[in-house]
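Worksheet: the structure to be examined is printed underneath.
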Amino acid sequence: MKNRINLKSAIVSGIAATVAMTLFTFMAPLMGIKMSIPAMLASTMGLPIVFGWIAHFMVGIVLALIYSGIYLRITKGKSSLKNGAAFSLFPWLMAQIIVMPMMKAMNGMSFIAGLFSGSIVLAMASLAGHLIYGIVLGRLYNPEKEKSYVENLSVR
């Protein structure tokens, strides 16, 4: 199993985890929080919403590939709920201190205004969504499931 990544499992689990996170964002308005990742992405890109949806799922797949190909190797861990949740803290933190501020700046606001989504409530909702993503990813990704491997990947 050394250096083995199951691409099919990573892609499928990344899509499923993105769906789970997205379902959480659909429930957010019930708690008084507006969260539409695809709309936010599309707005920042100045493109129709369909491109926001594509970008949202692409990010989810790329994160799953990072989890399966880099994170699990560095931590020498197996895919699990705990490892998935721990991994999800990294993309959440990057979103809060880099991505959201950049998106605010691109829309004419200050970089500082975007730190931690500009609101502790939004930042905590984002954390919950990322944890859901990570837990689903950690539960579903299985490098041994099927023969769809990339072996001897060198990541240093």
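Read-outs: derived from the displayed coordinates by stated rules, not from any lab. This is a predicted model, so every value here is computed, not measured. So basically every Cβ, Gly included, is an ideal-geometry build from the backbone, and we count neighbours across all protein chains shown.
Some observations on this one:
- Considering each residue of region 90-97 in turn, none proves to be at positive phi and buried (at least 20 other Cβ atoms within 10 Å of the Cβ).
- Filter pass, Lys78 being in contact with a helix residue (DSSP H, G or I) (Cβ under 9 Å, 6 or more places away or on another chain), of a type in the set (D, E, K, R) and closer than 16 Å to Leu122 by Cβ: no
- Inclusion of Gly14 among residues that are surrounded by 14 or more Cβ atoms within 10 Å (Cβ to Cβ) and in contact with a Gly (Cβ under 6 Å, 6 or more places away or on another chain) is warranted.
- If you go through region 26-39 and keep only what is of a type outside the set (D, E, K, R) and either in contact with a Pro (Cβ under 9 Å, 6 or more places away or on another chain) or more than 13 Å from His130 (Cα to Cα) (or both), you end up with Phe26, Met27, Ala28, Pro29, Leu30, Met31, Gly32, Ile33, Met35, Ser36, Pro38, Ala39.
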